[in-house]
Amino acid sequence: MEWILNSELNVLTLLGSVLGIYLGIIGITRIAGLRTFAKMTSFDFASTIAIGSIIASVIMNTNQSLVKGLIALAAMVSFQVVFSFLIRKSKTTQKIATNTPLFLAKNGEILYDNLAKSNVSKSDLIAKLREANVIQMSEVKAVVLESTGDVSVLHTKSDDSVDSILLEGVRDT
């Protein structure tokens, strides 16, 4: 019966942990900035998952102290801020630590070799095209597998070409 009901002390401890972590997240996010939970790179995504794991551990595990959890959160976010700074300032760090976007389709043609390299199936690509409301393959100017793992679809019914700045840094192979 204890797994259904819990003592009042445990409930109050849980609520206190939730409130403490919530306020800590607000403070840390205000200090670190809006990018804290952005998914700009695969590292950002991994950091967000790690932060969620820390939060869950502190809230659900009564053996974890609130202060220890807040220190872990602050350390994780601080590391993310430093890492983001290094990527922005150092081309070498950027090259080593981040993925380069890759064309999956270009000018209405599916690039099957790039699908294989990126482990994306044709059916996954087609699903993304449908999500983007593509009606004809001839509308597709570019499909890019972004460094975050997201798929961007650039399409239009006109003959306009895509501005080169939008495709800067995207690999053909």
Legend entry - Checklist (1) buried (at least 17 other Cβ atoms within 10 Å of the Cβ); (2) among the hydrophobic types (A, V, I, L, M, F, W, C); (3) over 22 Å from the mean Cα position of the chain (by Cα) applied to I87, failing item: (3)
Inset, instruction - For segment 86-106, state whether one or more residues are over 27 Å from S47 (Cα atoms) and of a type in the set (S, T, N, Q). - result: no
Inset, instruction - Return the only residue of L15, L19, L23, L66 being surrounded by 15 or more Cβ atoms within 10 Å (Cβ to Cβ) and at pLDDT 85 or above. - result: L66
Legend entry - Cβ-Cβ under 6 Å pairs, at least 6 apart or on other chains, segment 140-167 side charged (D, E, K, R), far side open to solvent by less than 100 Å² (accessible area, probe 1.4 Å) and in a loop (DSSP other than H, G, I, E, B): K141/V162; E146/P101
Inset, instruction - Within segment 137-160, track down each residue that is surrounded by 10 or more Cβ atoms within 10 Å (Cβ to Cβ) and not aliphatic (A, V, I, L, M). - result: S138, E139, K141, E146, S147, T148, G149, D150, S152, H155, T156
Inset, instruction - Evaluate the following for I51: is it surrounded by 14 or more Cβ atoms within 10 Å (Cβ to Cβ), at pLDDT below 95 and under 18 Å from the mean Cα position of the chain (by Cα)? - result: yes
Legend entry - Complete set of residues in segment 26-48 that are closer than 18 Å to T148 by Cα and open to solvent by 30 Å² or more (accessible area, probe 1.4 Å): L34, R35, F37, K39, M40, S42, F43, F45, A46, T48
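The values are calculated or read from the model by the stated rules, or taken from the named source; none is laboratory data. From a predicted model like this one, the values you see are computed outputs, not experimental measurements. Neighbour counts run over all protein chains shown; Cβ positions are idealised from the backbone, glycine included. Surface areas here come from the heavy atoms of the whole protein model, side chains and all, with no ligands, DNA or RNA. Shrake-Rupley method; radii C 1.70, N 1.55, O 1.52, S 1.80 Å.
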